[in-house]
Structures are given as C-alpha cells and as structure tokens.
1. Name the residue, out of Ala498, Ala534, that is touching a strand residue (DSSP E or B) at 6+ places or on another chain (Cβ under 7 Å), assigned to a helix (DSSP H, G or I) and surrounded by fewer than 22 Cβ atoms within 10 Å (Cβ to Cβ).
2. Select the strands (runs of 3 or more DSSP E) contained entirely in the range 164-220, then report the ones holding at least 3 residues which are touching a strand residue (DSSP E or B) at 6+ places or on another chain (Cβ under 9 Å) and closer than 26 Å to Gly420 by Cα.
3. Quick check on the range 440-451. Is at least one of its residues in a loop (DSSP other than H, G, I, E, B), surrounded by fewer than 23 Cβ atoms within 10 Å (Cβ to Cβ), more than 13 Å from the chain's Cα centre (by Cα) and among the β-branched types (Val, Ile, Thr)?
4. Could you check how many residues of the range 135-163 are out of contact with any Leu (no Cβ under 8 Å at 6 or more places or on another chain), closer than 22 Å to Pro358 by Cα and assigned to a loop (DSSP other than H, G, I, E, B)?
5. Take the conditions free of Cβ contacts under 8 Å to residues at least 40 places away in the same chain and farther than 30 Å from Ile48 by Cα and apply them to Val351. Does it pass?
6. Considering only the range 391-398, I want to know if a residue exists there that is touching a residue at least 24 places away in the same chain (Cβ under 8 Å) and more than 18 Å from Ser437 (Cβ to Cβ).
7. Out of the residues in the range 338-348 that are out of contact with any His (no Cβ under 9 Å at 6 or more places or on another chain) and not in a loop (DSSP other than H, G, I, E, B), which is surrounded by the fewest Cβ atoms within 10 Å (Cβ to Cβ)?
8. Looking only at the range 278-307, how many residues end up being part of a strand (DSSP E or B) and over 17 Å from Ala343 (Cα atoms)?
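The values are calculated or read from the model by the stated rules, or taken from the named source; none is laboratory data. Predicted, not measured: the structure shown is a model, and the values here were computed from it. Neighbour counts run over all protein chains shown; Cβ positions are idealised from the backbone, glycine included.
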Amino acid sequence: MSGLAALYGTDEPPEDRRRYQLGPVSFELCGGAVRYLSVNGNELVRRIAFLARDRDWGTLAPTLGPVEEDADKKRLRLAISMRFENGDAGLDTRLTLTLRPEGLDFEAEGIATGDFETNRAGFTILHPITGQAGAPVTVVHSDGVAEEGTFPEAIAPWQPFMDIAAITHHVGGLSCTCRLEGDVFEMEDQRQWGDASFKTYNRPLALPWPYRIGDGETIRQAVRLSWQEEKRAPTTVRSSPAMADAGFPETAILVTPAHARRAIERLDEIRAIGPQRLLCHVDASRGDLAGQFAALAKLQDAAPGYLYDLEMIADFGDDPDADPAGPLRAYASAMRDAGLRPASVMVCPSVDRQSTPPGSAWPACPPLDLIHAAARKAFGAPLMGGGMASFFPEFNRKRPPVTHLDFVSHSLCPIVHDAGDLAVMETLEAVPQIARSARAIIGERPYRIGPATIAMRQNPYGARTIPNPEGRRVPMADDDPRHRARFGAAYVLGLAAALAPEGIAVWTPGELYGPRGLVRDDGGWHPLTHVVAALAACAGVSVAQATVGEGLAKLVLGERRFTANLTDAALRGLEPYGWSGEGT
C-alpha cells in the first residue's frame, strides 16, 4: 500500500495548497479558491470560491489552468482559468484576484459553451463560526438600506439574511466589509450541514433550479473585501456550556437486513468490536417487510447480547390527510410476526429523508404528532423515538414533537458541501454547535447521533448520492476512501471528542459492512474500527476532558486517554492522522 493510500485510502493526492502573503495579509490558494484570509493572524474569511453545482447539488470539479502571478511590494495579482463541464456543456471561467494591504478583489467572468445546466454557478463566501456566532453584523441590501443584526447563535433553520449587497463583520480589532456584485446573494447557516461557516451565495433558493446558462451567455461576478482598524471595544460572544457530568455514549452499529444475513455466519465480527447496540434499518418503501424483519430477527436470536434498535422508514403514500395508524400497525405486525423484539423504535417518514429547501412546498405527509402517537400504540416498544434519518437541517426545519418521544435522533455527514481533507476536519468545529442547537429544541430528551460517517448513505438534496468509482474526494458520495484509511480513524476519534461533552446517549459511527462499514469484506478491520472498538469499551465512563483544536483531538474517559492527530504532518509525537489510546 502506498503512503497516500495508507493515509487516505486512495492514491489521489490532496489538493495543492499554496500560501501567499503581502505584509500582514495572508491566505492559501487551493483549487482556485481563497482559504483562511487573515490579517495579523486573525482569520477574516474562511473561503471564497467560484463554484458550479449540478441538479443534485453535486459540486462540479473544474479543470484548472496554471496560476498566473504578478506581484510587487504593494500588490499581488493572480489569474486562473477553469472549466466546468456538465454533460455536453461547459462553463469557461476566468478568475482574477488582486490583493492589496487594505483589501482583496476577486472577479470572475464565465462563458457558457452549450446550454449549461446548474443549480448554482457563482461565488460563495464563507465566514468562520468561531468568534462570529452571536456577534454583530451589518448587512446592506440592494436598495442601499442597512440592517443591523447578528450572526445566529443557535443554528438558523432558514436564511438569516436575504438580498445581500454588502456585509460587515468584526475580527481582532478590524472591521471587514464584503461587497458583492453580479447577482442577488443571500446567506445560510452552514453549521446545519456540519460546515464550520456561515455561507453567502448567489442566486436565491426561492428562484427555480436547475436553470440554464445559455450557449454563449456571459456571467460576471465580483467579491470585494476591504478592512480597516476600528476603535470599538471587542464584542464578547457567549458560549453555550456543555452538559456537566457527561458520560461517554453507548456505541451502536447500523445493520441492514443484508448485513444481518451475512453476520449470522460471522458473529465474532460483531463481538470483537463490542458495541452495546445494533441499529436495525428497515425501509418500508423498499417492500418485502417480512423478509427485512426476518433477517434482523434471526440475527437477534443468534446474537441476543445486544440492544436492538429499529430505525423504521415509514411510507404513508402521497395523501397528507391519510391516517398513519394503518401503515404503522402493518409494520408492527410484520415485525412481531418475524420475532424482532426492539429495545426502541425510531419512526421517520420516508419523504422526510428528502430536504425541503427554502421556498419549496412541503411533501405530502401526515402530521408528525399523529404519526408518533400512532407509532407508540402500534409498536409498544419500551422507548419510542423520532427525528430524522437524514441530517440536522431536516431535523431543524421540521422539528420533532418531543412530547410524544422518549428520544430523538439525526445523522451527520461531513462531505455535503466540501470533501476536501481540511473541510472534513473543520466540521468537527461545528459538531458541538449542532448538538447544542438540538438541545435547545429537545430539552432533556435523550439524544442519539448517527449514523455519522464520512460518506453519505442517502442524499436529501438530490435524486442520488454522487458516484465515486475512482475513489476520489467527492462531495455527497456514498463511498469515501478515507473511511478505510488512517484519515478515517483520526476523524472518528475527533468526532467522539466533539460529541463527548454534549450528553449524547448513543452514537453510531459506522455500519457493519459495505463502503461505510467497520468490517472489511475479508473480515479484517479498517483503522477506524480499532478506534470504535476502544471507545465502545468506554460506554458510560465519565468524560474528564474532550477538546478539538490546534490539529489535535483529545479525549480522556476515566483512566483512558485518547489523542488523534487531525493533520497530514507529524504532530506531538503522532504520525500524520495517527492516534493513541493510553491507559486501561
């Protein structure tokens, strides 16, 4: 196995990153995007990128030309050509970046060859969340009217700001203004998807998508940043505390009916990992309920030493006024006939696995309070749960009726928008903010997370997950090679450290088999499986320390001390993406 394959599960090299500096100003250029724009070491903007998305919100990877440079002591100028392709059409784009000590201009001109279909084509600007969530911001709208507000503290389900012509925020004694040209921009709270940023993007979501840029049509956009010192006192941003006396959560592994049929003959594979629970996935929209339940019931009979939790994807048809009791009784009857005896049941309507973006009509579905009241009567499980089988945006926008529930759950995925190595590790910064925003919704109800895997098991934002046959770093892919490499082990330990102080009851860091599995096809383990097994043995142990920062994840559970290097360079005695677990 090559060095790259051991680190990332693929021989595709990481994105090339080049650092530029002009006096007190610095940034990295990565894939044609500006990252970590900083002045005097204070990060002003996390990223500025010109992107194109397909009809499933997949990010189209451009072909990049060489970077042209022209610099002196007072100015840096870069020019980059890129081409996006979607089917037979393309978007040929010329980026020009001009940096001065007091500002940066990033301009783009794109010309379509053929009718270029896209959900979005243009600049996105990412503001960092640390030091900004809850901090003041001024937004100037296209009519010139200024709005004084704050970046959201709790994660906003809908756009916090619309119709943005300019936005001013404050960092490290500087006032930074970002002016936008060429389209209508708005902002979304990207923490919902795990990104450590607030994202300002072009073309309002209320407009139709996908749309076409006609053959020969030209689009022009610009992002113009300026900053200056200010005399105002720095703003103190409140931080929500983690839960006191947190214990490390129980570990679950997701098991599908196909997994169960295989596991019957290989029970030692589950025993070796040592989870407390198995999350049994049943999808009524796939049919053959009897067969799905039978496979899971046979596994429970063969391996009774675990708690079996049912994730029931319920299909209520397309009538929002339909009585959910009938289908739920049928599901519960099929479960009992098969002999499956779940410790808990989490019901999620099938349509709620798809996102409902701002401005879109909600899909036909009976009200959640009726669904969960009927589910409790039908299944009669010791614990009944709700939430989303998908991610926090869906949970945040269609909030569960907690008075009907014994626990709530949602999944996590770090490659919704950006599958770069840095971006995946940056999502660990947002995980505690997701957990605390969820707590504001659910109160003291037990809170479960998962499955939480690098790759995406189902795409709420399109008709499919994005194919990844070449094993690359692809947003919204259902198979990510880093899951099977040292990167995946470091990430899962970082995720554990990010979740540990938040009072999570159960976490599900992987599936049993398959591209997001903990067990290889030959029965061996991936590097992250060793981490999961070590953490599973710590269920209920008091969390003495849990931090993610400066390239390291640190987690102390009782006498056991875990550390992971979240970077691609040796750090504090750990090899790139290495980890250690000391103590007993």
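1. Matching residue, one of Ala498, Ala534: Ala534.
2. It comes to 185-189, 197-202.
3. no
4. Total meeting the criteria: 11.
5. yes
6. No; the residues of the range 391-398 include none that is touching a residue at least 24 places away in the same chain (Cβ under 8 Å) and more than 18 Å from Ser437 (Cβ to Cβ).
7. Ala338
8. Going through the range 278-307 one residue at a time, the tally reaches 1.
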